[in-house]
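Student: Sharing a structure below in structure tokens format, with a few things to ask.
The values are calculated or read from the model by the stated rules, or taken from the named source; none is laboratory data. As the structure is a computational prediction, the values presented were derived from the model and not from experiment. As a convention, Cβ positions derive from the backbone with ideal geometry for all residues, glycine included, and neighbour counts pool all protein chains shown. Side chains included, ligands, DNA and RNA excluded: accessible areas come from the protein's heavy atoms. Shrake-Rupley method; radii C 1.70, N 1.55, O 1.52, S 1.80 Å.
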Amino acid sequence: MKILLVGAGLSGAVIGRELAEAGHECRIIDARDHIAGNCYSERDEDTGVMVHTYGPHIFHTDDEGVWDYVNRFASFMPYQNRVKSTTQGAVYSLPVNLLTINQFFGRTMRPEEARAFIESKADTSIDDPQTFEEQALRFVGPELYQAFFKGYTEKQWGCSPTELPASILKRLPVRFNYDDNYFFHRFQGMPEHGYTAMVEAILDHPNIKVELGTTYDPAMAEDADHVFWSGPLDGYFDYKLGRLGYRTLDFERFTHQGDYQGCAVMNYGDADVPYTRITEHKHFSLWESHEGSVCYREYSRAAEPGDTPYYPIRLVDEKAMLAQYVALAEETPKVTFVGRLGTYRYLDMDVTIREALDTATAFRNAEGALSSFLVSPI
């Protein structure tokens with residue numbers, strides 16, 4: 001069959017590779033001038049540092065099948081994300097752990113003591129937290145909430161934590177030991193030569209044709225037996241019901257001779273610091289050595305037309321519009337919407353790859369008669 005895949009990021013590349021290996025003819029287009037989507041990485045010419053152009057991407061998963069899959073196409077080096085936070089004039093370890101708690105409160109508590117101490121700080125009158133703020137006050141208390149979560153969250157999401165669902169905070173762990181590994185998955189690492197090289201290897205198949213700098217035209221679908229769309233869901237329908245809300249990031253890039261901050265990621269929890277964090281990219285490649293350094297200050301704001309969308313907002317208004325777009329998509333034959341933008345969901349890389357693999361399998365099993373969504377966005 002002739003398959004058209006819109007987007008040369010992880011979703012398009014993995015689905016394309018799987019279907020190409022099954023004998024299908026795959027045409028992959030991307031409006032950008034490069035492959036790999038937002039996980040695109042490239043070497044800085046002056047310093048030699050591997051830069052994550054659209055912000056850091058750290059691979060972590062418990063899915064052994066996905067881990068084996070990416071290791072087919074890249075050599076992964078051990079890497080654990082150890083984040084620090086500057087707040088109220090001091091530097092702390094994240095996620096909030098026993099070291100953070102002891103340092104912040106000037107104590108020397110053991111795990112059981114710290115657990116009881118934090119519980120004494122918590123607002124136990126909140127039985128069923130509904131908002132981000134209620135979740136924080138119930139489980140970490142006002143001091144840790146103010147220092148590490150409130151200002152950062154306001155900057156990241158552009159609204160009060162009272163307007164955000166509790167589920168956002170539930171993804172952030174609080175540990176009563178000294179484990180400062182940000183993720184808890186079995187498999188964690190970085191591709192030795194960057195994500196671009198990994199995606200390039202995935203796309204290296206005689207049945208795959210990649211066309212960059214190419215914008216989708218509906219006429220292209222006429223020559224395809226099926227379309228996989230990994231662009232914005234609302235964009236497929238030319239935003240006729242309105243635009244779904246996203247947060248985007250602005251990066252202020254700067255260089256430094258030497259080691260700028262001593263870690264890959266430094267969060268800034270204070271509300272009066274305009275950026276959310278600084279990332280120092282050479283620390284994402286610990287097996288390399290560079291004298292120079294490339295850093296990004298990250299600023300979060302509402303996405304406007306033409307911006308790169310990063311985080312789907314998914315609050316009440318967006319969910320109502322999303323339901324309408326999903327209904328339109330389900331009435332659209334021979335098109336399957338995939339990936340973070342196509343399903344308007346925040347997806348880590350491993351989940352994106354798993355869903356892409358499962359989508360390709362479902363397509364083969366359905367003999368081409370695949371539904372609009374493998375996983376419902378609603």
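Student: Please build a GNM for the chain, connecting alpha carbons under 10 Å apart, and tell me which residue among Arg82, Arg247, Arg186 fluctuates the most.
Tutor: Maximum among the listed residues: Arg186.
Student: Moving on. What part of the accessible area of the chain, given as a whole %, is carbon or sulfur when the probe is 1.4 angstrom?
Tutor: Heavy-atom surface of the chain belonging to carbon and sulfur, 1.4 Å probe: 48 percent.
Student: Tell me which of Val14, Leu286, Met220 sits at the most positive position along the dipole axis of the chain, charges placed on C-beta atoms (Lys, Arg +1; Asp, Glu -1).
Tutor: Farthest towards the positive pole: Leu286.
Student: Also, I was wondering about something else. As an exercise, identify the trypsin sites (Lys or Arg not before Pro) in the stretch 95-180 lying in DSSP coil whose Cβ has no more than 16 other Cβ atoms within 10 Å.
Tutor: Arg107, Arg171
Student: Using the alpha-carbon atoms, what tilt in degrees (0 to 90, nearest 10) does helix 64-73 show relative to the longest principal axis of the chain?
Tutor: 70 degrees
Student: Still on this structure: Along Cα→Cβ, 7 Å out, is where each label goes; now give me the distance between the ones at Leu172 and Arg253 in nm to one decimal.
Tutor: 2.9 nm
Student: Let me ask something else. From the cross-link list Lys155/Lys319; Lys170/Lys319; Lys84/Lys282; Lys155/Lys282; Lys2/Lys334, which pairs have alpha carbons spaced over 18 Å apart?
Tutor: From Lys155/Lys319; Lys170/Lys319; Lys84/Lys282; Lys155/Lys282; Lys2/Lys334, over 18 Å: Lys155/Lys319; Lys170/Lys319; Lys155/Lys282.
Student: Sticking with this one: Counting alpha carbon pairs within less than 8 Å and at least 6 residues apart, what relative contact order, in whole percent, applies to the chain?
Tutor: Relative contact order, the chain: 25 percent.
Student: Using Cα pairs under 8 angstrom and six or more residues apart, how large is the relative contact order of the stretch 75-173, in percent?
Tutor: 22 percent
Student: Oh, and also: Calculate, in nm to one decimal, what Lys209 and Thr124 gain on full extension: separation in residues at 0.36 nm each, minus their alpha carbon distance.
Tutor: 24.8 nm
Student: Tell me the GluC sites (Glu not before Pro) within the stretch 1-102 that lie in a loop according to DSSP and have at most 13 other beta-carbon atoms within 10 Å.
Tutor: Working: sites: Glu18, Glu21, Glu25, Glu42, Glu45, Glu64; in loops: Glu45.
Answer by residue number: Glu45.
Student: Over all directions, how big on average is the projection of the convex hull of the alpha-carbon atoms in the stretch 44-124, in square nanometres?
Tutor: Reported value for the Cα convex hull: 10.0 nm².
Student: So with the 1.4 Å probe, I'd like the accessible area per residue for the chain, rounded to whole Å².
Tutor: Spelled out: the 1.4 Å probe surface of the chain, per residue, equals 45 Å².
Student: Quantify how much of the Cα-Cα distance distribution of the chain extends past 26 Å, in percent. Walk me through the intermediate numbers first.
Tutor: Numbers: 40068 of 71253 pairs.
Cα-Cα pairs of the chain separated by over 26 Å account for 56 percent.
Student: Taking the alpha carbon gyration tensor of the stretch 282-323, what are the square roots of 5 times its eigenvalues, largest first, to the nearest whole Å?
Tutor: On the way: eigenvalues 269, 31, 13 Å².
Each semi-axis is the square root of five times an eigenvalue, giving 37, 12, 8 Å.
Student: Compute the distribution of all C-alpha to C-alpha distances in the stretch 106-145, in bins of 10 Å from 0, and list the percent of pairs in each, rounded to whole numbers.
Tutor: 32, 49, 18, 1
Student: Give the share of C-alpha pairs in each 10 angstrom bin for the stretch 243-378, from 0 to the last occupied bin, in whole percents, shortest bins first.
Tutor: Spelled out per bin, shortest first, that is 11, 27, 28, 20, 12, 2.
Student: Can you tell me, using C-alpha contacts under 8 Å and at least 6 residues apart, the relative contact order of the stretch 221-307 as a whole percent? Could you put the intermediate results ahead of the total?
Tutor: On the way: 117 pairs, mean separation 28.5, N = 87.
Relative contact order here is 33 percent.
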